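Written out below as structure tokens is the structure these notes cover.
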Amino acid sequence: MMADSGPEEIAVIGNTDLTSAELENNIKNTMVEIEKWTSLLRKMEISVGEAEKRTGKNTVNMQEIYTVYLIETRPVDAVTEGIIPAPDSLWRRYSEFELLRNYLLVTYPFVVVAPLPEKRAEIVWHKLSADNMDPDFVERRRVALENFLLRIASHPVLCNDKIFYIFLTEEKGWKEMVYETGFQAKADSRLKAMNAAFRVKNPDKRFTELKHYSDELQTVVSQLLRVRARVADRLYGVYKVHGNYGRVFSEWSAIEKEMGDGLQSAGHHMDAYAASVDDILEEEEHYADQLKEYLFYTEALRAVCRKHELTQFELEMAAQDLTSKKQQKEELVTGTVRTFSLKGMTSKLFGQETAEQREAKLQVLEQQIEEGEEAVKEKNTESDEFVKTAWVDIERFKDQKDRDLKEALISYAIMQISRCKKGIQVWTNAKECFNKM
């Protein structure tokens, strides 16, 4: 048994599960503060207007081909006054978007930071190119990068970040300013985070459940994307078969006199139907990209959970160290050693320490205990604040996710219904052609 259970109680404070009423009150209070801030989108229009392929030398002085994206910004006030000025514009590489997001992840660990689109196409149907220089892929990534910027600009906390604003408005010197923040030195190593995950003794049930949810969401969304890719492959085949119908009907019409016109018209309907598959599957990719965003969001959720585990682990380690120091003090004062230690063996072999030595050690321990209590207090406050702010943003993310995915799934269903109606219409038209023969 430890000499003093006080620090253990302190360690739990930073991780106490709040009641639903307390949590709701915390969220409301924080949201009131958030509403005082102004979204950047109320001041500025932001878009990624186009992509451009360029050639240059990389860090090892080798020639490379890369893509840059044109970011355009325009003051909202100028537009509302009836004047539409030319937008300010600058070019950014994908790697610069990555640098911005890494900075935001480190600087705002309590925020579910929007993900970037994939660097190379994954989970695609076989006719879609996985080449990251493919024009269709570059165009979809341009749209996704614009969505990323709009997510950040509309976030109640991130929209006020100075580095983000400079990313949008100043082409030169931006990288230097990011590195000057020292964010890289603050980044928690993945090994350290994994160690905390395995060794934390008092995890918050809400964050544990959230981590499990993010894993399950990732599994479900990836399965849904794979099913869609398989369906797209089969759909492509079905449409192309209709092209074969068109060819056969046209060839048949050439050898018929009475039936020729009707067969030829039916063949034209089949050809038009077969040709429409590319536009349909391109529209499907738009919905697939919306799902992929939330596939990548799952890692952002886990990043918040890992940071909480690390914060809680550091609190528990500080409390454990304080408990140890208090036990050492008690042993020094009473002269009794409760556990086996090198100090106890040394005392038995070489005799007890002098009163002066004990007094000096006692003063050092008292100073260490005072510092330890302050450290635990600070870690406790840090943990409490992290839980409060992180959970507010998690609730914001949940609302956003439910709204976005509901809208995407409904739109996808409407698109499928429309596609089926077009198929029915094609065969209805073909039937009318056959009736006229």
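None of the figures in this text is laboratory data; all of them are computed from the coordinates on show. Predicted model, so just to flag it, every value in this text is computed and none were measured. For neighbour counting, all protein chains shown are included, and Cβ atoms are generated from backbone atoms with ideal geometry for every residue, glycine included.
One table, with the values for the structure above:
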quantity: Nitroxide proxy distance, nm - points 7 Å out along Cα→Cβ at K406 and C420; calculated: 2.3 nm
quantity: HN-Hα J in Hz across segment 153-167 - Karplus 6.51, -1.76, 1.60, θ = phi - 60°, x for Gly and Pro; calculated: 5, 9, 6, x, 9, 5, 5, 8, 6, 5, 4, 5, 5, 5, 4
quantity: Residues of type aspartates and glutamates that K431 reaches as a straight line, Cα spacing below 19 Å, ignoring anything fewer than 8 places off in the same chain; calculated: E251, E256, E258, D261, D271
quantity: Listed residue pairs exceeding 29 Å between alpha carbons, taken from K119/K211; K53/K422; K43/K205; K119/K398; K119/K421; K211/K388; calculated: K53/K422; K43/K205; K119/K421
quantity: 5 angstrom amide H check on M44, placed H, neighbours 5+ away; calculated: V76
quantity: 3J(HN,Hα) from dihedral phi, segment 421-435, Karplus parametrisation 6.51/-1.76/1.60, rounded to Hz, x for glycine, proline; calculated: 5, 5, x, 5, 5, 4, 6, 5, 5, 5, 4, 5, 4, 5, 5
quantity: In order through segment 387-399: 3J(HN,Hα) via Karplus (6.51 cos²θ - 1.76 cosθ + 1.60), integer Hz, x for Gly, Pro; calculated: 4, 5, 6, 5, 5, 4, 5, 5, 5, 4, 5, 4, 4
